[in-house]
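Bear in mind that the values in this text are calculations on the coordinates, not laboratory data. Fair warning: this is a prediction, and the values are worked out from it, not measured in the lab. Heads up, the Cβs are rebuilt from the backbone with ideal geometry, glycines too, and the neighbour counts pull from every protein chain shown.
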Amino acid sequence: MAVRVAIIGGTGVYDPSILSHIREEVLETPFGRSRVKTGTYQGVEVAFMARHGEDHSVPPHLVNYRANIWGLRLIGVKSILATAAVGSLNPEMKPKQFVFVDQFLDFTKTRSQTFMEKGVVHLDMTDPYCPELRLILSRAAGDLGLEYHARGNYVCTEGPRFETPAEIRMFRQLGGDLVGMTSVPEVVLAREAGMCYATIAMVTNFAAGISPTRLSHQEVVDVMAENAANLRRLVMRAIEL
Ligand code: HPA
């Protein structure tokens with residue numbers, strides 16, 4: 001059976017235990033290797049990939065986004081649900097709420113954003129995040145009574161450091177709602193590969209200068225862990241729909 005749906009698990013999401021009959025595969029791509037676990041959920045063949053590795057050893061600027069997306073394409077994936085821990089710049093988007101991102105602002109610096117090493121490709125980015133999948137996620141969150149926002153503008157920084165308060169003020173003036181380090185180029189590559197891609201952003205904190213306390217990676221991991229059960233329910237419900 002072809003794998004149609006993939007979950008890319010971000011920070012705090014390493015556990016493919018919703019799947020049964022799990023197999024681990026190493027995928028060889030022109031851009032290097034990627035690792036994936038495949039299994040079934042309610043009769044649907046689903047792939048699970050831990051973006052930062054299962055031991056969280058790969059920082060955001062060193063993730064091999066091209067090998068990951070190409071690898072998922074190789075096994076037939078058509079739709080990707082990606083999870084992402086994010087900071088919030090928007091007072092309405094509060095810690096533990098979900099946001100089904102619809103736009104991004106790209107502040108990355110060193111990452112390749114295309115599979116095409118020759119020739120010219122200008123990819124349309126009007127709807128970078130798949131509107132159909134976003135609708136499914138909103139329905140799933142509504143069914144489960146989870147707090148969510150149906151759209152949001154994700155500012156992607158290079159990382160791995162967190163932002164300065166001055167950067168956060170600038171991002172807010174530019175219309176950003178959320179800040180994270182991984183959605184670009186993942187969403188761009190998925191679009192180039194012709195896949196339907198959506199991000200489930202989970203707010204873990206208010207961003208630097210908005211939060212009264214200094215941010216740590218541990219705080220992000222702790223909030224993700226507190227909401228892991230909700231995230232799992234959301235993903236399961238979305239796959240059922
Ligand atoms: N900034 C960048 N990335 C993040 C944050 C943040 O505040 N929180 C979780 N991921």
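For the reader, a short list of remarks on this structure follows.
- Each of Leu62, Phe31, Thr199 was scored by the projection of its Cα onto the charge dipole of the chain, and the greatest displacement toward the positive side belongs to Phe31; charges sit on the C-beta of Lys, Arg, Asp and Glu.
- Phi angles across the stretch 175-191 convert, under the Karplus curve 6.51 cos²θ - 1.76 cosθ + 1.60 with θ = phi - 60°, into 3J(HN,Hα) values of x, x, 10, 9, 10, x, 10, 10, 5, 9, x, 4, 5, 5, 5, 5, 5 Hz, Gly and Pro given as x.
- Only one residue of Leu146, Gly176, Ser88 has its Cα farthest out toward the positive end of the dipole of the chain, where Lys and Arg carry +1 and Asp and Glu -1 on Cβ, and that residue is Gly176.
- Share of Cα-Cα pairs in the chain lying beyond 24 Å, as whole percent: 41 percent
- For the chain, DSSP calls about 40 percent of its internal beta bridges antiparallel.
- Subtracting the Cα-Cα distance of Glu54 and Ala228 from 0.36 nm times their residue separation leaves 61.1 nm of extension gain.
- The dipole here belongs to the chain: it is taken about the Cα centre, uses +1 on the Cβ of Lys and Arg and -1 on the Cβ of Asp and Glu, and is about 140 debye.
- Qualifying lysines (Cα of each under 30 Å from Cα of Lys78; at least 8 residues distant if same chain): Lys37, Lys96, Lys109, Lys118
- For the stretch 100-241, size of Cβ-based charge dipole, Lys and Arg +1, Asp and Glu -1, in debye: 120 debye
- Dipole orientation for the stretch 59-127: of the candidates Phe98, Gly71, His122, Gly71 has the Cα lying most toward the positive pole (charges on Cβ; Lys, Arg +1; Asp, Glu -1).
- For the stretch 72-104, the residues whose amide N sits under 14 Å from a probe point set 7 Å from the Cα of Glu25 along the beta carbon direction are 72-79.
- Cα shape, the stretch 160-232, gyration tensor, a/c 1.5 rule: oblate
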